[in-house]
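Asks: One structure coming up, written as structure tokens, with questions to follow.
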Amino acid sequence: MGKKALIYLILSITGIFMLFPFYWMFVTSLKTQPESLMFPPTLFPRLFKFYNYIEVFNTVPFARYILNTVIVTFFVVLGILMTSILAAYAFARIEFPGREIYFTFLIGLMQVPLPLYLVPSYILLSKLGWIDTYLALIVPWTANIFAIFLLRQFFKTVPRELIESAKIDGCGHFTILTKILLPLAKAPLAAIIVLNTIGSWNSFVWPLIVTNSDSLRPIQVGLAYFSRAESTNYPLLMAASFISILPLLIVYIIAQKFVVESFSYSGLKY
């Protein structure tokens, strides 16, 4: 067996192991309750019960959970794009006193763990009257340090001569950003969209803290309440779980090329 064939074999086996949990989730979601408890377990349903998916939506307001998650994810990602693009351009292409110090401090903030600022953030939002509103779910997450870092690294790879030529032609900062840099930054922008979509979609701790009403719960919090109510009904739990991850699988499969490509810029010297 050649070296390349051995590599493909190892990768294929690894891929099967990685995909098997998703297959098991989907298969279990189509089983009846008695069959899901059988031992040894069946790898294929004896009776396809597609009604499990309908029952999930009938048991809890799962459609509302999905809608809330879509709304929050859309505006969070939109906010991250706006703030990271502007901040990255400033750190990459605008000279101002203390720029490198500010950027180093910003990168250092990535080391601060989430539990450290949960309580101060909750107190602040409580004083603003934002608890149990969309504002609490969206506004605190509309800036992302890693997104700023990734875009800043890419913007610095663009030849300075190209930027200087644009300035000579009378282009301002906004024109340079929108007409020159952003069209070239499709890969890092796609990666930022995908990674933050996944992060926002899977957010659990923060929405659990700042939401009280069922009408505002995103899908992961709703899934937790659903699993507590249906803790022994494995087909329904698997159906709900599969519904919650299916959009993310689709998004990542479509955009994985851009995600891999974008990380090549994050290792460049700054």
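Asks: Taking region 225-242 as the search range and keeping residues that are in contact with a Phe, Trp or Tyr (Cβ under 7 Å, 6 or more places away or on another chain) and not aromatic (F, W, Y), which one is surrounded by the fewest Cβ atoms within 10 Å (Cβ to Cβ)?
Replies: A240
Asks: Hey, another quick one. What number of residues within region 112-161 are part of a loop (DSSP other than H, G, I, E, B), β-branched (V, I, T) and under 23 Å from the mean Cα position of the chain (by Cα)?
Replies: The first filter runs over region 112-161 and keeps only residues part of a loop (DSSP other than H, G, I, E, B), leaving 112-113, 129-133, 142-144, 156-159.
From the residues that got through so far, the ones that are β-branched (V, I, T) too are 112, 131, 133, 142, 157-158.
Still in the running and under 23 Å from the mean Cα position of the chain (by Cα): 112, 131, 133, 142.
The qualifying residues number 4.
Asks: While we're looking at this one, here's another question. Cβ-Cβ distance below 6 Å, separation of 6 or more or different chains: which pairs start in region 19-47 with a residue that is among the small types (G, A, S) and end on one that is in a helix (DSSP H, G or I)?
Replies: As it stands, the answer is S29/N52; S29/P235; S29/M238; S29/A239; S29/F242; S36/T28; S36/Y234; S36/P235, since those pairs meet every condition given.
Asks: Which members of region 1-50 meet the condition of being of a type in the set (D, E, K, R) and within 21 Å of S244 (Cβ to Cβ)?
Replies: Passing the criteria: K31, K49.
Asks: Criterion first (surrounded by 19 or more Cβ atoms within 10 Å (Cβ to Cβ) and at pLDDT below 85) does A166 satisfy it?
Replies: No: the conditions fail for A166.
Asks: Evaluate the following for I54: is it touching a residue at least 12 places away in the same chain (Cβ under 8 Å) and β-branched (V, I, T)?
Replies: Taking the combined requirement at face value, the residue does not satisfy it.
Asks: Which one of P120, P113 is surrounded by fewer than 18 Cβ atoms within 10 Å (Cβ to Cβ), within 24 Å of L216 (Cα to Cα) and out of contact with any Leu (no Cβ under 9 Å at 6 or more places or on another chain)?
Replies: Within the list P120, P113, the selection yields P120.
The values are calculated or read from the model by the stated rules, or taken from the named source; none is laboratory data. None of the values given here were measured: they were computed from a predicted structure. We place every Cβ from the backbone using ideal geometry, glycine too, and count neighbours over all the protein chains shown.
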